[in-house]
1. Using the Karplus equation 6.51 cos²θ - 1.76 cosθ + 1.60 (θ = phi - 60°), what ³J(HN,Hα) coupling, rounded to whole Hz, does each residue of the range 136-153 give in order, writing x for Gly and Pro?
2. If you take the square roots of the eigenvalues of the alpha-carbon gyration tensor of the range 27-152 and sort them as a ≥ b ≥ c, do you get rounded (a/c under 1.5), prolate (a/b over b/c) or oblate?
3. With +1 on the Cβ of every Lys and Arg and -1 on the Cβ of every Asp and Glu, and nothing else charged, how large is the dipole of the range 27-152 about its Cα centre, in debye rounded to the nearest 20?
4. If r is the Cβ-Cβ distance from K153 to K57 and R0 is 41 Å, what FRET efficiency results, to the nearest 0.05?
5. Residues in the range 43-72 near a label at K94, defined as backbone nitrogen under 12 Å from the 7 Å Cα→Cβ point?
6. Place a label point 7 angstrom from the Cα of F50 along the Cα-to-Cβ direction, then list the residues of the range 70-108 whose backbone nitrogen is under 15 Å away.
Amino acid sequence: MKKIFFSGLLGLIFIYGFTTIQATDNCDKKTLTNSCKKKMEPFKYDSQKFTKIMYQKKAQQLEIEVPVFIGEKYRLVFNTSSLPKPVMVNVYTKDKESKKREAIYSSKDLKAGENEMVFDVPRVRKLYIDYDVPADSTSQKLSGCVVMMVGYK
């Protein structure tokens, strides 16, 4: 009798935990990609990166390196519409360990509710994109994703 009770309890915990995780994720990659492609014109599509954001109890910073070719013009398009909380997007010329790091773009000046960002990149060798994720004070296990698309001319 105890085995049946514990098996049933374990099954309910598993089902509850699985449905909670599934319910908070709202990343529709096709829709997000299509909205970014519209903002890419007249640049040609090169690549894209989906970054899964899992909010935690403390703030975090996620960094992505984007190699670029010297002499080409690039455009970055970001879409953060699937995130439950806004995330700050910053673009730098060096990684976060470098002392000569220079910020070349920040989303801090965007209006509330703006989820698509377009940035035409100056000539650089590499780009480092930082997502500043705020802390989550709720126990809902919030998550979402950011789409970054790269185009060249």
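Any read-out appearing in this document is the output of simple, stated calculations on the displayed coordinates, not a laboratory observation. Values in this document were obtained by computation on a predicted structure and should not be read as measured data. Cβ sites come from the backbone with ideal geometry, for glycine too, and all protein chains shown count toward neighbours.
1. Ordered by residue, 3J(HN,Hα) equals 10, 8, 8, 10, 8, 6, 5, 8, x, 8, 10, 10, 10, 10, 10, x, 9, 10 Hz.
2. Details: a/c = 2.08, a/b = 1.29, b/c = 1.61.
Verdict is oblate for the range 27-152.
3. Working: 24 positive and 16 negative charges, 27 e Å.
For this selection, approximately 140 debye.
4. Values: r = 43 Å, r/R0 = 1.04.
Plugging the Cβ-Cβ distance into 1/(1 + (r/R0)^6) gives 0.45.
5. So the set is empty, nothing qualifies.
6. What the label zone holds, given the 15 Å backbone N cut-off, is 79-83.
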